[in-house]
1. Could you check what % of the DSSP bridge pairs in segment 222-325 are antiparallel, to the nearest 5?
2. Between ARG80 and ASP423, what is the spin-label point distance in nm, taking each point 7 Å from the Cα along the Cα→C-beta axis?
3. Per residue Cα convex hull volume for segment 222-376, in cubic angstrom?
4. Hey, could you grab the Kirkwood Rh for segment 251-322? Inverse mean 1/r over distinct alpha carbon pairs, Å, one decimal.
5. Can you sort CYS410, CYS98 by solvent-accessible area, 1.4 Å probe, largest first?
6. Could you work out [θ]222 nm for the chain from helices alone, using -39500 (n - 2.57) per DSSP H run of at least four and dividing by all its residues? Round to the nearest 500 deg cm²/dmol.
7. Note down the net charge around GLN68, summing +1 for each Lys or Arg and -1 for each Asp or Glu among other residues with Cβ under 13 Å from its Cβ.
8. Residue farthest toward the positive end of the dipole of the chain, with Cβ of Lys/Arg at +1 and Asp/Glu at -1: which of ASN407, MET456, GLN421?
Amino acid sequence: MEDQNSCRGGFTNCLNAQQIGASGLIFKERFLWEKSREGRCAISIPAQDVAESQLDPSLVGEAPDLPQLSEMDVVRHYTRLSQWNFGVDSGMYPLGSCTMKYNPKTNEVQASRPGFAGAHPLLDEDLSQGALEMMYNLEQYLAEITGMEAVTLQPAAGAHGELAGMLAIHAYHAKKGHQRKKIIIPDTAHGTNPASATLCGYESINIHSGEDGILTPEAVAAVMDEETAGIMITNPNTLGLFEENIKEIAKIVHAKGGLVYGDGANMNAIMGIVKPGELGIDVLHLNLHKTFSTPHGGGGPGSGPIAVVKELEPFLPVPRVVKVDGTSDKKSCTISGDGSIYTLVYDKPDSMGRMMTFHGHFGIMLRAYSYILSMGSEGLTDVSKLAVLNANYIKESLKDYFHLPYNRPCMHECVFTDKFQSDNGITTLDMAKRIMDYGFHPPTVYFPLVVHGAIMIEPTETESKETIDQFIDALKSVAQEAKENPEILKSAPHLPKLSRLDEVSAARKPVLRG
Ligand SMILES: *Cc1c(COP(=O)(O)O)cnc(C)c1O
């Protein structure tokens, strides 16, 4: 009691409160094992009125060492953990390249419907018609969005889709009778691109983009030859810019018998506006866990379908979901309105085989399906328009405060650097840490690698103008502090539960328990 009173009186005594484990309303919780008390239990029920019977100990084995806690301890523990976490449901999360966007909750609800969530992949086709129909329709929608002929939903991530796409390109050249050795990869491609090409046995030929961050046809023509299997282009590229010369580049590659791989992970910038299939791209992956309503982050699961042109369809993984006319087949359980049945086809002699057990990450497909249906084609187009508008609004609002290496219209993300601040010894990292004190998750830092000290911001389509304005004001204020009060940035963040970590020790001597 006395402690509490004196704490109100002065700052020094407040430290006592911190020592007992509190900082304001943030409680520093001890481990559950330390809080455990013998016999404490989450439920209290009336004493039993039947005789106790002992289980045979040889059958039960030794009980696991679980903490013994009251219901309130457990509820508070998990609620507290959820509050220590920062996510897109708690505030703006402007990470570029990864698209941490808000995903409507209705898509979660649809994905958890018992008929889908409880379906087993070994169920007979007769009993899985709804699941197969959903997969078939989703493939059709993604083919329409990308302007491609066929889609597979099997790959489990963006990079896994790249691998599938490269395997398709590899199989295509093998079938033509001459395997090629190289793949062209510009410096603005995502880092997973060269890794996927290497896994397929190709050597990556790195080329530089022009001064304006855009790949020139000349740079591609200079290296494209008949030993080159194709090119991997990220569009929008990792600078957040649209590759304007893509059609011409595709012509150059096709003229020498090569194929064009498009990294479409960031389809949320061009969906409904540009169809990659019309740009000369032959195979493209999408990240359903970026653009199509599955939360991105936390290590997965993901889903990276690939869409291909007609010539590459035979190489797609099996099984393929196929729609057939079921009206004459009396035995089959036909549930779709038009009497169609859906079936799995394994007999595809040129297929690359399987990319996944069963069919891929089904729950993510459901979220994407629900998202596409609930947005409609106009809604999906608006997503791209708003994502691009928001990013350009931030770029224009901040370009006098932070160095903008490519001063041209951007797509869904914009890239600044710490060049203006580095004279005061302030780095991108310092500013990223400080932005947390303003209540925002830091943007992506030090990526893309082609930009020194990069700060990459992706607001996404869902943030309101008010939130974006607050974020802009926070960054302007950080820029001012970098000039006037650099010390405050050097030791930031000051307000989160943990302040700046010693990153070197954390990497060299990790303390993995608390
Ligand atoms: C995220 C991303 C990838 C990789 O996707 P993963 O699902 O993380 O494997 C590839 N390319 C681009 C452009 C990306 O943004």
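The values are calculated or read from the model by the stated rules, or taken from the named source; none is laboratory data. All values reported here derive from a predicted model rather than from experimental measurement. Cβ placement follows ideal geometry from the backbone for every residue including glycine, while neighbour counts extend to all protein chains displayed. Note: areas computed on protein heavy atoms with side chains; ligands, DNA, RNA excluded. Shrake-Rupley method; radii C 1.70, N 1.55, O 1.52, S 1.80 Å.
1. On the way: 3 of 12 bridges.
Counting DSSP beta bridges with both partners in segment 222-325, the antiparallel share is about 25 percent.
2. 4.8
3. Values: hull volume 26.4 nm³, N = 155.
That works out to 170 Å³ per residue.
4. Details: mean 1/r = 0.0728 Å⁻¹.
Kirkwood radius, segment 251-322: 13.7 Å.
5. Details: CYS410 5, CYS98 45 Å².
In descending accessible area the options line up as CYS98, CYS410.
6. Values: 18 runs with 194 residues, N = 514.
-11500 deg cm²/dmol, from helical runs alone.
7. -2
8. GLN421
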